[in-house]
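This report refers to the structure that appears directly beneath it.
Just so you know, all these numbers are worked out from the coordinates, no wet-lab data involved. Small disclaimer: the values here were computed from a predicted structure and weren't measured. All Cβ positions, glycine included, derive from the backbone under ideal geometry; neighbour counts span all protein chains shown.
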Amino acid sequence: MNVKELEKTARALVAPGKGILAADESHGTIEKRFQSIQIANTEDNRRAYRDMLFTSKGFGDHVSGVILFDETIKQKGLAGTPFPEVLAKSGSIPGIKVDAGTVAMTGSPEEKITQGLDGLRERLIAYRQLGARFAKWRAVITIGTTIPTLPNLRENAILLARYAALCQEQDIVPIVEPEVLMDGDNTIQRCLQVTEQTLHETFDALYDHCVVLEGMLLKPNMVIAGKKCPAQATPELVAELTLQCFRHTVPCAVPGIVFLSGGQSAAQATHHLSLMNAGPLPWQLSFSYGRALQDEALKAWGGKPENVAKAQKLFAARARLNGLARSGKYEPKMEAELVRA
Ligand code: 5MM
């Protein structure tokens with residue numbers, strides 16, 4: 001294991017003014033995204049869509065790295081260049097999703113366990129040869145009246161830690177993603193309690209598996225009320241409780257926390273990130289958004305080549321606003337830039 005290389009990659013991914021684009025939608029997830037713009041989920045459409053995002057002007061200015069799906073890391077863009085090379089040329093680091101999705105947990109079927117450890121060492125070796133320098137594994141934690149259970153949190157934490165240790169063995173920076181879903185009707189306080197417990201279990205397991213904290217990144221949810229909760233929290237409270245939670249649970253040896261957006265609107269996710277970056281912090285606080293970076297561009301693109309330029313402008317504008325949020329310099333009035341783009 002080359003700890004210096006791991007640290008260098010991790011720090012580059014959370015460089016000031018930049019963050020990660022999560023473009024690792026599995027076939028099932030990209031199908032849902034394409035349904036929203038009524039286009040077919042074909043390999044050519046997936047290539048054209050990812051090409052539109054990755055070739056937008058100044059892509060590497062605010063996108064430090066991209067999480068790719070297995071198909072995309074092996075695919076060529078519209079100009080015939082392999083996508084990992086397209087990204088590297090723009091100054092963005094290629095990454096890869098290596099989990100194989102979730103299954104119902106035995107004995108507690110409302111909860112999910114992530115799969116994908118079988119053959120992972122060999123897959124990591126192959127992905128590194130294709131250019132991947134970081135990876136991602138997502139655990140999904142659901143809030144309900146009697147869940148999450150401790151066995152679910154522990155099992156997911158152990159799987160995350162085993163994945164992270166295997167990545168570091170191959171000099172690939174693991175992004176550790178324990179996502180507490182925001183789909184329910186729970187309060188923000190309940191999200192705080194579950195996220196705190198999830199992170200305690202996760203860091204215990206990472207310690208047990210000798211994962212080098214300096215050579216990893218954490219990709220968590222923000223502490224936020226469930227979408228169906230009647231009492232939605234203010235952006236200021238989301239920022240305050242999220243920081244409180246991470247100060248209690250994330251060692252300062254971890255170079256960066258890169259949030260997922262989890263179903264927040266693009267403007268909300270940017271605003272929350274900016275509020276949290278208002279003062280000094282023990283880690284870099286950045287983004288690894290999927291929907292919150294892509295939704296506006298996806299809608300504008302609509303699968304039509306004639307819309308590529310407009311969609312790329314919207315993507316670049318949203319990436320720039322998130323770049324500003326990295327130093328607390330975003331203000332909601334800047335949303336007007338997207339209307340003008
Ligand atoms: C881009 O979506 C990712 C892949 O999801 P599936 O494996 O379900 O297809 C997802 O893991 C994503 O990286 C994170 O949830 C962050 O995306 P959001 O949209 O929550 O910012």
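Please state the charge dipole magnitude for the chain, taken about the Cα centre, from unit charges on C-beta atoms (+1 on K and R, -1 on D and E), reported in debye and rounded to the nearest 20. Could you put the intermediate results ahead of the total?
Values: 39 positive and 37 negative charges, 219 e Å.
That gives a dipole near 1040 debye.
Report the Cα centroid-to-centroid distance between the stretch 285-340 and the stretch 17-66 in angstrom, as an integer.
So the two Cα centres are separated by 13 Å.
Please tell me the relative contact order of the stretch 3-340 in percent, rounded to the nearest whole number, where contacts are Cα pairs under 8 Å and at least six residues apart.
It comes to 19 percent, rounded to a whole number.
Say the dipole of the chain comes from +1 at the beta carbon of Lys and Arg and -1 at that of Asp and Glu; which of Cys252, Leu217, Thr9 then lies farthest toward its positive end?
Thr9
Working from the alpha-carbon coordinates of the stretch 35-76, get Rg over Rh, Rh being the Kirkwood radius. Show your work: numbers first, answer last.
Working: Rg = 11.7 Å, Rh = 11.6 Å.
Result for the stretch 35-76 is an Rg/Rh of 1.00.
Given the options Ser92, Phe287, Pro178, identify the residue whose Cα lies farthest towards the positive end of the charge dipole of the chain (+1 on Cβ of Lys, Arg; -1 on Cβ of Asp, Glu).
Comparing the listed Cα positions along the dipole, Ser92 ranks first.
For Ser26 and Val3, calculate 0.36 nm times their separation in residues minus their Cα-Cα distance, and state this gained length in nm to one decimal.
Result: 5.2 nm gained on full extension.
What is the sum of charges around Ala165, taking Lys and Arg as +1, Asp and Glu as -1, for the other residues whose C-beta is under 13 Å from the C-beta of Ala165?
Taking every other residue near Ala165 into account, the sum is -1.
Just flag the trypsin sites (Lys or Arg not before Pro) in the stretch 66-149 sitting in loop per DSSP whose Cβ has no more than 16 other Cβ atoms within 10 Å.
Numbers: sites: Lys74, Lys76, Lys89, Lys97, Lys112, Arg121, Arg123, Arg128, Arg133, Lys136, Arg138; in loops: Lys74, Arg133.
Passing sites in the stretch 66-149 are Lys74.
Taking the Cα centre of the stretch 234-325 as the origin and placing charges on Cβ (Lys, Arg +1; Asp, Glu -1), which of Leu275, Asn307, Leu324 is farthest toward the positive end of the dipole?
Farthest along the dipole direction, towards plus: Asn307.
Restricted to Cα positions, what overall size does the chain have along the principal axes? Three whole-Å values, descending.
51, 46, 39
Determine the relative contact order of the stretch 193-334: mean sequence separation of Cα pairs under 8 Å and six or more apart, normalised by residue count, in whole percent.
Dividing the mean separation by the residue count of the stretch 193-334 yields 23 percent.
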